[in-house]
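The values are calculated or read from the model by the stated rules, or taken from the named source; none is laboratory data. Since this is a predicted model, take the numbers as computed values, not measurements. So basically every Cβ, Gly included, is an ideal-geometry build from the backbone, and we count neighbours across all protein chains shown. These accessible areas exclude ligands, DNA and RNA; they are computed on the full protein's heavy atoms, side chains included. Shrake-Rupley method; radii C 1.70, N 1.55, O 1.52, S 1.80 Å.
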Amino acid sequence: MSRLTVPKTYKLYVGGAFPRSESGRTYEVTTPKGGFLANAAQASRKDARDAVVAARSAVSGWAGATAYNRGQVLYRIAELLEGRRAQFADEIVQSEGVSASAAAAQVDASIDLWVWYAGWADKYAQVAGNANPVAGPYFNISVPEPTGVVAIIAPQQATGASLLGLAAVVAPAILTGNTVVVVAHERAPLSAISLGEVLATSDVPGGVVNILTGSPAEIAPWLAAHADVNALDLAGAGDLEWVDLQIAAAETLTRVLQPQPGIPAPSLDRIGAFVEIKTVWHTKAMR
């Protein structure tokens, strides 16, 4: 018996739900040779603003979770990715035009990256924090705290970035309690929305990660200038006029991480890029 193919509808991932673009716009996702793969939602200014609202509403709950709990949540993402390994590899093969082995390697690297950052969740504060020597009857302690809402342009390179590039910028940002709005790989967004499905079925609270698909050149200026965005990661800005984005971000004192080539490697520097060091004074107990 023959049956109809059921094509997948790729939507945005905002606030734990999968809305279509507010504008109703879509764009064609094609293979490197021009073959049709899917229609993806083309996010608008309104979608970006909705994503920021969702991210802001999730900050207090996510930042208030224990570091151990956040680590367990990140590890759960890795578990679910492992269970859907074949699906992600197939999407990468189709959208990036790479071999099956290269796609599988990218999925494996993405899983390993989530595990690596999960392991640092309840250890980073001990590394970045400090008990400071001061003169007087006080304890002076520095501790890292999340910045807040981080807007991210995911890496946009031709191959190897559609899933791994997204994980490389999202995982270190949310590890410390930040929430994110990320613009996915424009030409290969399929695995980004499938990652949204993983997040929706994991323990990640709605609004902690919000994924937009479409044109970074269109969406980035609105995120850079948004007064409720606390930091801007331009990892995948590439050919964008990132200096203009930095100027727009400066209007609201938004922290900016400048573009860099390739996919960011796992590092403590990326974790620390979006934390604030808070210093607390406590009087010493009287004898």
Legend entry - GNM flexibility winner over the chain from GLN258, GLN106, GLN156 (Cα, springs under 10 Å): GLN258
Legend entry - Nearest-0.05 FRET efficiency for ALA135 and GLU82, computed from C-beta distance (R0 51 Å): 0.45
Legend entry - Diffusion constant of the range 202-273 at 10 °C, which comes from Stokes-Einstein with the Kirkwood Cα-pair radius and 1.306 mPa s, µm²/s: 118 µm²/s
Inset, instruction - Report which label in (1) 20.4; (2) 17.4; (3) 15.5 holds the value of mean projected area of the Cα convex hull in nm² derived from the coordinates of this structure. - result: (2)
Legend entry - Cα-based Rg of the range 99-252 normalised by 2.2 N^0.38 Å, two decimals: 1.18
Inset, instruction - Quick one: net charge around THR30, please, counting Lys, Arg +1 and Asp, Glu -1 for every other residue with C-beta under 14 Å from its C-beta. - result: -2
Legend entry - Inter-label distance for THR283 and GLN72, nm, one decimal - labels placed 7 Å from Cα along Cα-to-Cβ: 3.8 nm
Inset, instruction - Quick one: which residues, 5 or more positions from PHE139 or on another chain, have an amide H under 5 Å from its amide H? H modelled 1.01 Å from N in the peptide plane, none for Pro or chain starts. - result: HIS282, THR283, LYS284
Legend entry - Signed unit charges on C-beta, dipole axis of the chain, positive-most listed residue ALA192, ILE247, GLY262: ALA192
Inset, instruction - Give the angle, between 0 and 90 degrees and rounded to the nearest 10, that separates the Cα long axis of helix 190-200 from the longest principal axis of the Cα atoms of the chain. - result: 50 degrees
Legend entry - Accessible area (Å², 1.4 Å probe, nearest 10) - GLU241: 130 Å²
Legend entry - Estimated FRET transfer efficiency (ALA125, THR31; beta-carbon r; R0 35 Å; 0.05): 0.20
Legend entry - Per principal axis, descending, Cα span of the range 177-237 in whole Å: 32, 28, 15
Inset, instruction - Using DSSP, restrict attention to beta bridges with both residues in the chain and report what percent are antiparallel, rounded to the nearest 5. - result: 55 percent
Legend entry - For the range 25-168, diffusion coefficient by Stokes-Einstein and Kirkwood Rh (Cα), 20 °C, 1.002 mPa s, µm²/s: 117 µm²/s
Inset, instruction - Please build a GNM for the chain, connecting alpha carbons under 10 Å apart, and tell me which residue among ILE141, ILE211, ILE152 fluctuates the most. - result: ILE141
Inset, instruction - Could you check the simple spin-label distance between SER57 and ALA217, using points 7 Å along Cα→Cβ, in nm with one decimal? - result: 3.3 nm
Inset, instruction - Rounding to the nearest 20 debye, state how big the charge dipole of the chain is about its Cα centre with +1 on each Lys and Arg Cβ and -1 on each Asp and Glu Cβ. - result: 580 debye
Legend entry - Cut-off 20 Å (backbone N to label point 7 Å along Cα→Cβ of ARG49), residues of the range 182-223: 182-183, 207, 210-223
Inset, instruction - Mind pulling the angle between the C-alpha long axis of helix 45-64 and the longest principal axis of the chain? Nearest 10 degrees, somewhere in 0 to 90. - result: 40 degrees
Inset, instruction - Please list 112-123, 77-88, 260-271, 225-236 highest first by mean number of surrounding beta-carbon atoms within 10 Å per residue. - result: 225-236, 112-123, 77-88, 260-271
Legend entry - Top positive-direction residue, dipole computed over the chain with Cβ charges, set GLY64, THR283, SER2: THR283
Inset, instruction - May I ask you to derive the FRET efficiency for THR252 and LEU4 from their Cβ-Cβ distance with R0 = 45 Å, giving the value to the nearest 0.05? - result: 0.35
Legend entry - Degrees, to the nearest 10: 67-83 long Cα axis against longest axis of the chain: 20 degrees
Inset, instruction - Divide by every residue of the chain the summed helix terms, -39500 (n - 2.57) for each DSSP H run of at least 4, and state the resulting mean residue ellipticity at 222 nm, rounded to the nearest 500 deg cm²/dmol. - result: -13500 deg cm²/dmol
Inset, instruction - Could you work out which residue, out of LEU175, LEU257, LEU212, moves most in a Gaussian network model of the chain, that is, has the largest mean-square fluctuation with Cα springs under 10 Å? - result: LEU257
Inset, instruction - Keeping the other protein chains in place, figure out the carbon and sulfur percent of the accessible area of the chain, with a 1.4 Å probe. - result: 55 percent
Inset, instruction - With a 10 Å radius around each residue's Cβ, average the other Cβ atoms per peptide and rank 189-195, 51-57, highest first. - result: 189-195, 51-57
Inset, instruction - Specify which residue in the list SER215, ALA38, THR201 is farthest towards the positive end of the charge dipole of the chain, using unit charges on the beta carbon of Lys, Arg (+1) and Asp, Glu (-1), about the Cα centre. - result: THR201
